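Right, one structure below, let's go through it.
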Amino acid sequence: MHPMYTAIAANILFPLHERLKHHTTVAVHRGMEEAQWWDTKRLQALQLERLCALLTQAQVHVPYYRELFGRIGFEPLSMASLNDLARLPFLTKVEIRSHLEQLKADNATGLARFNTGGSSGEPLIFFIGRERVSHDVAAKWRATRWWGVDIGDPEIVVWGSPIELGAQDRVKQLRDKLLRTKLLPAFEMSAHKLDGFIGEIRAMRPKMLFGYPSALAHIARHADERGIAMNDLGIKVAFVTSEALYDHQRSQIEKTFGCPVANGYGGRDAGFIAHQCPAGGMHLTAEDIIVEIVDPQGRVLPHGESGEIVVTHLATGDFPFIRYRTGDVGVLDDQPCPCGRGLPLLKAIEGRSTDFVVAQDGTVMHGLALVYVIRDLPGVRQFKIVQESLALTRVLLATDSQFDEANIGKILSGIQQRLGSEVRVEIERMDEVPKEKSGKYRYVVSHVVPSSGINSDRRSTT
């Protein structure tokens, strides 16, 4: 029953779903399945061809780039190699905030509004078109299949984004049911909730898990503490993303669930950048994404040297991400992967990290539960939530003229709803929220040690 149903889901139900959404996912995926085996020279030729097409589209249809190219005297068709990309300035979060409307293509249709997740301290609004969605979904689909699982295989998703956890309309519920995907909310990690999660995983017997590494490791540790075996369910792989994956988390997940962990790197803004194959290589989605590593002065660094990850996403003609500074740090590898794929490798990644916080009643929840209270309020430029103790949480807040002071009350009540009505919430207004020593912002820092021992997962991603 299962293999047959998976084949129907992957070959009939999901393609029909994508066609109804006007996505080209199936055709893109077919091309990616072939291109992953190409050699470096052929992949780079494809990248250059697509880059020229993206830059030409940007010049003709995107006001921001039309003006930029004219000002610096740049002509897209003059690109002789991928190295010529360095002639263009970087796209930063500040530029996107300042030129949001001008970055939209004048011929774009069906743009969807998105927000960044948890790595930057400053909320970022941007838009994604159908082409970009189709390519990112296709890349994720390909990486899923590397591990011997496919769309339609039973899947447990442990996630916390309001996009996934918003009002679950009937269409989405039906889709998840047909594709055998079950969503568990990662916000709350109380012992009672964890018992329920473990019960649901055991009942479903999924072929794959997907979620934050900290959340999956926390569930795994709880199962161990309860003496409940989870390695007899036939789980083939645990896909993790959205945070830095630490060695102790990987070993905890692998030991408890009896399956390998596949690391993924990307974001809503930068796209599906890289994914780990069974041979261990973190493969870049080279057909869609050009990755540069730059030093603090913006100079492109050679393979093997550590610097900021800069991404050009080739399927973003509707709202271009060209030389986008991610704020993450990484190293490119020039060695081939033993798996034989020609897709280039990331040697090391400095990912994103979001702490857990602890409510007054002992409930452990994902830090994103507090982030979403503040992140989308108009006029919030930067913020940081510091949980000093069970009784006190401080909010560092930098706002601009668009901020409505009535929202202070929303912040106070929203945090107390999650952490407890007796919690004292102090809001500290400032011009700039200070960065970590690493130069990164962190949304959430908690100094509270949960009784379950989850504090072993609390580490800055640098």
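The values are calculated or read from the model by the stated rules, or taken from the named source; none is laboratory data. A quick note: this is a predicted structure, and the numbers were derived from the prediction, not measured. Positions of Cβ are backbone-derived with ideal geometry, glycine not excepted, and every protein chain shown enters the neighbour counts. Remember, those area values only see protein heavy atoms, side chains included, never the ligands or the DNA or RNA. Shrake-Rupley method; radii C 1.70, N 1.55, O 1.52, S 1.80 Å.
Tabulated values for the structure
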item	result
Those lysines that a straight Cα-Cα span of less than 26 Å connects to Lys384, excepting residues fewer than 8 apart in one chain	Lys93, Lys410, Lys435, Lys437, Lys440
For Cys337, net neighbour charge (Lys/Arg +1, Asp/Glu -1) across residues whose Cβ lies under 14 Å away	-1
Over 25 Å (Cα to Cα) - which of Lys140/Lys207; Lys21/Lys177; Lys177/Lys207; Lys41/Lys104 fall in this group	Lys41/Lys104
Estimated vicinal HN-Hα couplings, Hz - the range 424-429 in sequence order (Karplus 6.51, -1.76, 1.60; Gly, Pro = x)	7, 10, 9, 9, 10, 7
Reachable lysines, given that their alpha-carbon falls under 17 Å from the alpha-carbon of Lys193 and they are not under 8 places away in the same chain	Lys182
Under 20 Å from Lys172, Cα to Cα: aspartates and glutamates that are on another chain or at least 8 residues apart	Glu18, Asp136, Asp150, Asp153, Glu155, Glu164, Glu200
Protein accessible area in the range 135-237, 1.4 Å probe - carbon and sulfur %	55 percent
Restricting the range 276-349 to GluC sites (Glu not before Pro) in coil, as DSSP defines it, with at most 16 other Cβ within 10 Å	Glu305
Neighbourhood charge, 15 Å Cβ-Cβ cut-off, centred on Val300 and excluding it, Lys, Arg +1 and Asp, Glu -1	-2
Global geometry of the chain, whether rounded, prolate or oblate, following the gyration tensor of its Cα atoms and the 1.5 cut on a/c	oblate
Cys339 accessible area, 1.4 Å probe, all protein chains in place, Å² to nearest 10	30 Å²
Charged-residue dipole, Cβ positions (Lys, Arg, Asp, Glu), the chain about Cα centre, Debye nearest 20	700 debye
